Amino acid sequence: MKLIAKARFARLWVMVLLTGMSLVSFSALSFAVTIGEHYGGGIVFYVDPSGQHGLIAATSDIPDLPGSTRTYSDVPCGYTWVQAKFACSKLKTGGYHDWYLPSKDELAQLYRNGVVVGGFAGSTGGYWSSSEGSTGLAWEQPLYGVKPVPSQVHKSWAFSVRAVRAF
C-alpha cells in the first residue's frame, strides 16, 4: 500500500514539474519582442538574442526648451548636455518613468535601426549621448545621413534628445 502511494505521489510530482516547465517555456515565447515593435512605451530598436531584453526609444524627441541656445533657421532647437540628462530622467511617457539619455553605444545602435523608430530632427544637428569625453566634453551623434560620425563636443552646446529605456 505504501509503495503504491509513493508511486502516485512521484507521478503527481513529475506532472506538476512538467506542467510548470511548459508554462515557463510558453511564457518566455509569448513575450519575445522584435525590432520596430511598439512596446514598453516606445519603439524597440534593439533586442538581445533571447528576445526578452533590449532597448526602447521614445516615439519622439523631447521637445526643445523655450529659449534654447542653438538655432537652426532661427528656430530654437536643443538642450545642453546637463539639460538633456535631466530632461530624460524626468520624462514620463507611455506609462513609464525610467527613461534615460542613451550612452554613445546605445545611440549608435539607435542610428543603425533609426528607420524603424523615425521622427528624428533630420539635418538640424546631432543627438546627445550620456557618454562623457575629455574634460567638459560629451559625445553626440547625428542620427541621419549615410554614415554619421560621432564626435566629442562641449557640454554647453545644444543638441536634440531622444530618451531610451531598457526592458
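The values are calculated or read from the model by the stated rules, or taken from the named source; none is laboratory data. Since we're looking at a predicted model, the values are computed, not measured. Every residue, glycine among them, receives a Cβ derived from its backbone with ideal geometry; neighbour counts consider all protein chains shown.
Per-structure values
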| item | result |
| --- | --- |
| Considering residues of the stretch 98-115 that are in a loop (DSSP other than H, G, I, E, B) and not aliphatic (A, V, I, L, M) only, the residue modelled with the lowest pLDDT | Asn113 |
| Residue within the stretch 150-158 that is in contact with a helix residue (DSSP H, G or I) (Cβ under 6 Å, 6 or more places away or on another chain) and within 15 Å of Ser60 (Cα to Cα) present | no |
| Pairs with Cβ under 7 Å, 6+ apart, first in the stretch 142-167 and in the same structural domain as Gly118 (by TED's automatic domain parsing), second part of a strand (DSSP E or B) and of a type in the set (S, T, N, Q) | Pro148/Gln141; Pro150/Gln141 |
| Test: residue in the stretch 73-83 that is touching a Ser or Thr at 6+ places or on another chain (Cβ under 6 Å), at pLDDT below 90 and part of a loop (DSSP other than H, G, I, E, B) | yes |
| Residues being more than 21 Å from Asp98 (Cβ to Cβ), assigned to a strand (DSSP E or B) and of a type outside the set (D, E, K, R) - total across the stretch 116-159 | 9 |
| Residues that are surrounded by fewer than 19 Cβ atoms within 10 Å (Cβ to Cβ) and within 15 Å of Val82 (Cβ to Cβ), drawn from the stretch 156-167 | Ser156, Trp157 |
| Qualifying residue in the stretch 134-142 (condition: closer than 23 Å to Tyr39 by Cα, under 17 Å from the mean Cα position of the chain (by Cα) and crowded, with 16+ Cβ neighbours inside 10 Å) | no |
